[in-house]
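The values are calculated or read from the model by the stated rules, or taken from the named source; none is laboratory data. Predicted model, so just to flag it, every value in this text is computed and none were measured. Cβ: placed from backbone, ideal geometry, glycine included. Neighbour counts: every protein chain shown. Accessible surface areas use protein heavy atoms only, side chains included; no ligands, DNA or RNA. Shrake-Rupley method; radii C 1.70, N 1.55, O 1.52, S 1.80 Å.
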Amino acid sequence: MRTTRIGLALLCASVALSGCSSSDPDERVRSEEAPPVDFSDPPNVSATPTMGSSRSLELPLEAYSWTDEEERTRRRGEDLIAAECMRGFGFDLEPRPVYRGDKALRDANRYGVTDPDKASRFGYRIDPASRGPKPPEEDYSPAESLALFGPQDGKSGRKTADGKSVPKGGCWGKALRELAANGPKVHPDKEEFANHLAVFTFQEAQKDSRVKRVFAQWSDCMKKKGYDYKMPMAPVEDRSLQASETASAREIQVAEADVACKREHNVIGVWYGVEVAYQERAIEKNQQQLDTLKKRKEAILRAAAAAGTR
């Protein structure tokens, strides 16, 4: 029996079903159309904390997304069901490495650089130690690929060389369907709705007058230090700072000034407080759909926890 390793294609196969996410905070999913939330009358902010960094954030929409622990449970269930299916085709599917989680990394970089130590060491680069291992290189034979994913590239037919029928979407598709079978049905376009709302509210919060006010204060502070940026995400996207493989002295200087100005004007606290308010309104206006997603997630988790025990 040949051993099959799960590569990047399986990690991100059927993204609408599996919710594959990037560990890079700059590779956020963008909604193709604005979710139905009106922010022409900005929401009230219940609290504005004083925050020097963005560690361990608590954002309301996270209740409808996957925590790191939930993601580990789901992946384990997917791997067990897919492996059982693959054995029927003569392949031994190795499970993926245990998911390390990416919340800490996402939080730390949500509002740009906020940690003075990281700014001094890495500038605007991600600390290499915070990244998980890369998925193994894919090395699927045609027979393995057919069994794992089903026919690809528009090819028809779902039978192996010895005549066995392949499930729709292969063993991977079978695993995803089994886990979601007892939950409410959700259109594939809406399975990432909570994440799309999170992106939308993140973008809209930056247009809020309270956030724009501290952005202006931050910009003035940076200008006094010799750097001309209008918004805190601008240096993150400044390609002139990314010309070298590692952070240059100038990049580190800009990042250090960035952190100092954010702390001087409580940019993170104001920005976070406003974003929380925007997310709360988004939840209020989309409660039914979000509750459906939460019930679906709970059903998947129950099925994943039971996988391999039958």
- Query: Pick from A277, A257: which is part of a helix (DSSP H, G or I), small (G, A, S) and touching a helix residue (DSSP H, G or I) at 6+ places or on another chain (Cβ under 7 Å)?
  - Reply: A257
- Quick one: which residue in S130, S120 is small (G, A, S), surrounded by 14 or more Cβ atoms within 10 Å (Cβ to Cβ) and at pLDDT below 95? S130
- Task: Among the residues of the range 95-117, write down those that are of a type in the set (A, V, I, L, M, F, W, C) and open to solvent by 30 Å² or more (accessible area, probe 1.4 Å).
- Result: V98, A104, A108
- Message: Given the options F193, F200, name the one that is touching a Leu at 6+ places or on another chain (Cβ under 9 Å), surrounded by 13 or more Cβ atoms within 10 Å (Cβ to Cβ) and within 25 Å of I283 (Cβ to Cβ).
- Response: F193
- List the number of the failed condition for R74; all other conditions in (1) closer than 28 Å to I283 by Cβ; (2) surrounded by fewer than 19 Cβ atoms within 10 Å (Cβ to Cβ) hold. (2)
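Quick grid of which residues meet (1) at positive phi; (2) outside any helix (DSSP H, G or I); (3) in contact with a Cys (Cβ under 9 Å, 6 or more places away or on another chain):
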{"residue": "T246", "(1), (2), (3)": "no, yes, no"}
{"residue": "R250", "(1), (2), (3)": "no, no, no"}
{"residue": "Q253", "(1), (2), (3)": "no, no, no"}
{"residue": "G269", "(1), (2), (3)": "no, no, no"}
{"residue": "Y272", "(1), (2), (3)": "no, no, no"}
{"residue": "R281", "(1), (2), (3)": "no, no, no"}
{"residue": "A304", "(1), (2), (3)": "no, no, no"}
{"residue": "G308", "(1), (2), (3)": "yes, yes, no"}
- Looking at this structure, is I252 under 23 Å from the mean Cα position of the chain (by Cα) and either within 17 Å of A47 (Cβ to Cβ) or not polar (S, T, N, Q) (or both)? no
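Tally time: how many residues in the range 180-234 are in a helix (DSSP H, G or I) and over 16 Å from K294 (Cβ atoms)?
Taking the range 180-234 and keeping what is in a helix (DSSP H, G or I), we get 180, 188-190, 193-205, 209-224.
Add one more test, that the residue is over 16 Å from K294 (Cβ atoms), and what stays is 188-189, 199-205, 209-224.
Counting residues in the range 180-234 that are in a helix (DSSP H, G or I) and over 16 Å from K294 (Cβ atoms) gives 25.
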- Report yes if T50 is in contact with a Gly (Cβ under 9 Å, 6 or more places away or on another chain) and over 30 Å from A243 (Cα atoms), otherwise no. yes
- Query: Of the numbered conditions (1) buried (at least 19 other Cβ atoms within 10 Å of the Cβ); (2) more than 21 Å from N109 (Cβ to Cβ), E275 satisfies every one except a single condition; which is it?
  - Reply: (2)
- Hits in the range 54-71 (condition: small (G, A, S) and open to solvent by less than 30 Å² (accessible area, probe 1.4 Å)): S54, S65
- Note on the structure: The number of residues in the range 66-123 that are out of contact with any Cys (no Cβ under 6 Å at 6 or more places or on another chain) and farther than 30 Å from A249 by Cβ is 34
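Of all residues in the range 111-131, how many are farther than 18 Å from E71 by Cβ and either aromatic (F, W, Y) or touching a Leu at 6+ places or on another chain (Cβ under 8 Å) (or both)?
5
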- Query: Restricted to the range 235-244, and to residues that are outside any loop (DSSP other than H, G, I, E, B) and under 23 Å from S53 (Cβ atoms), which residue is most open to solvent (accessible area, probe 1.4 Å)?
  - Reply: Q242
